[in-house]
Every structure is written in C-alpha cells, then in structure tokens.
Amino acid sequence: MRFHIISAAVLCAAAGALVGCDPDTTGHARPDSTPTASATPATPATEAKETTDDKPTEAERKAVPDFVGMGLQSAQDAAQAAGFYALTSHDALGRDRLQVFDRNWKVCGQNYGAGKTIPTSMRLDFAAVKLAESCPAKDEKAPEAAQGTMPDFGGKSVKAARAALDPSTSLTVNDASGSDRWILVESNWKVCTQSPSTGTALEGQPVTLNAVKFDETCP
C-alpha cells in the first residue's frame, strides 16, 4: 500500500513538471501562466494643420476726395465717411499753431491731391488756416530743426523758431516795437531780427529774437 502511495506521488510530480499539478475544483490541471494582452503601439498625435494665412492683406485703395475749401471739421468727417481714418492737420501759414477747435479752421491744401487713388491706411494731412484768414499761395512750412547752424527765422512765428532750436538753448524774445509788451502767445508774433545771424554755428550760445505781432510791420 505504501508503495502505491509513493508511486502516485512520483507520477504526480512527473506530470507537474509538464503541465503543473494544480488541480482545480473539477480535478483537472490548470496552467499557471496567463496569456498577456498584446500592447497596441501608441499612435503619435497628429499636428494641427496650419490654417492661418501669413500673407499680409493689401489695404483697400480708394480715390481721395477734394477737401479744399471745406471747414476742417467737415473735411475730417467726410474723410472718415470715405474710409480714411488716419488724419492730421497743420498750420498752412507756418506759425505752428494747433488746430484746437477744428470748426474754426478751413482747409487750404491736402497732401494727396483729389482723385489720387491710395490705400485707405495712408495718412491724410490738411493744411489749414483760421476762417478769417486767407489761404497762402503755397503751404508755409515751419522752419526745420537747427542742425548746428542758425536757421533764418525772419517772418516766422516765435513759437516755430523756439521749436526749431535745441531745448537747452537760452532764448530771449523782445518786443521789436519798443513798447516792451509781454509776448504771451508766441504763435501770434513774428520774428523781425535775430542774433546770431543766419548760418552762424550754434555752439550753445544764447539766442535773441526781436518780434512784432503778425498784423504789424517790423520796424
């Protein structure tokens, strides 16, 4: 009897080497290994397709209306209605006055002639004078900034002359009429004489201007 028990154990051990001797509830041997699910390779993320058009869009082009003779405020309104929104203006008499109340000014000229076709993004510049003034024969520009030499300020406004000089310049302005009046609104005064003279090298020396009001005659 002992021999049969030992033989059975030996047979069981031998069979276990082949299929595993792990009887389940049914008495059948069960493999001790579990099939491994196959791994699915990850799919790389697809890059988003570029849809932005990097090419600049050409600005809309339109013909410039005729603004000459219009009030400055009316001209600005008409320009915007036509699609032009980049607007500026300047004193056509070269006195460097600011157009604070546009309704008190009128247009004498424009930097782009009437009928010229330009992009609507271009800046329109109106040359203007006050309503009671006459338009000049040509647009009078304020004097350019001094580039190391004294400009010619004759007939220019004191304000424009001051703007053309270096801000550090020591400037004295006198009433050329001899009445010793205060020169408060410099754009209303014109230069009669100056020191140093035109063309003199500017090396930090003081500058003197003698002026009268624009409706007066220089002595």
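The values are calculated or read from the model by the stated rules, or taken from the named source; none is laboratory data. This one's a predicted model, so the numbers in the text were calculated from it and none came from an experiment. Because the Cβ atoms are built from the backbone with ideal geometry, glycine has one as well, and the counts that use them run over all protein chains shown. Ligands, DNA and RNA are excluded from the accessible area calculation, which covers all protein heavy atoms including side chains. Shrake-Rupley method; radii C 1.70, N 1.55, O 1.52, S 1.80 Å.
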Criterion (assigned to a loop (DSSP other than H, G, I, E, B), in contact (Cβ under 8 Å) with a residue 12 or more places away in the chain, open to solvent by less than 40 Å² (accessible area, probe 1.4 Å) and out of contact with any Cys (no Cβ under 6 Å at 6 or more places or on another chain)) met by exactly one of Ala146, Ala114: Ala146
Enumeration of residues in region 149-178 that are polar (S, T, N, Q), within 15 Å of Pro196 (Cβ to Cβ) and exposed (fewer than 14 other Cβ atoms within 10 Å of the Cβ): Thr149, Ser170, Thr172
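Is one or more of the residues making up region 42-59 modelled with pLDDT of 95 or more and either of a type in the set (D, E, K, R) or surrounded by 17 or more Cβ atoms within 10 Å (Cβ to Cβ) (or both)?
no
Mind checking which residues of region 154-187 are touching a residue at least 40 places away in the same chain (Cβ under 8 Å), of a type outside the set (D, E, K, R) and within 13 Å of Val212 (Cα to Cα)?
Of everything in region 154-187, those that are touching a residue at least 40 places away in the same chain (Cβ under 8 Å), of a type outside the set (D, E, K, R) and within 13 Å of Val212 (Cα to Cα) turn out to be Gly154, Ser157, Val158, Ala176, Ser177, Gly178, Ser187.
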Residue, farthest from Ala92 (Cα to Cα), within region 154-173, restricted to residues that are small (Gly, Ala, Ser) and in contact with a Pro (Cβ under 9 Å, 6 or more places away or on another chain): Ser170
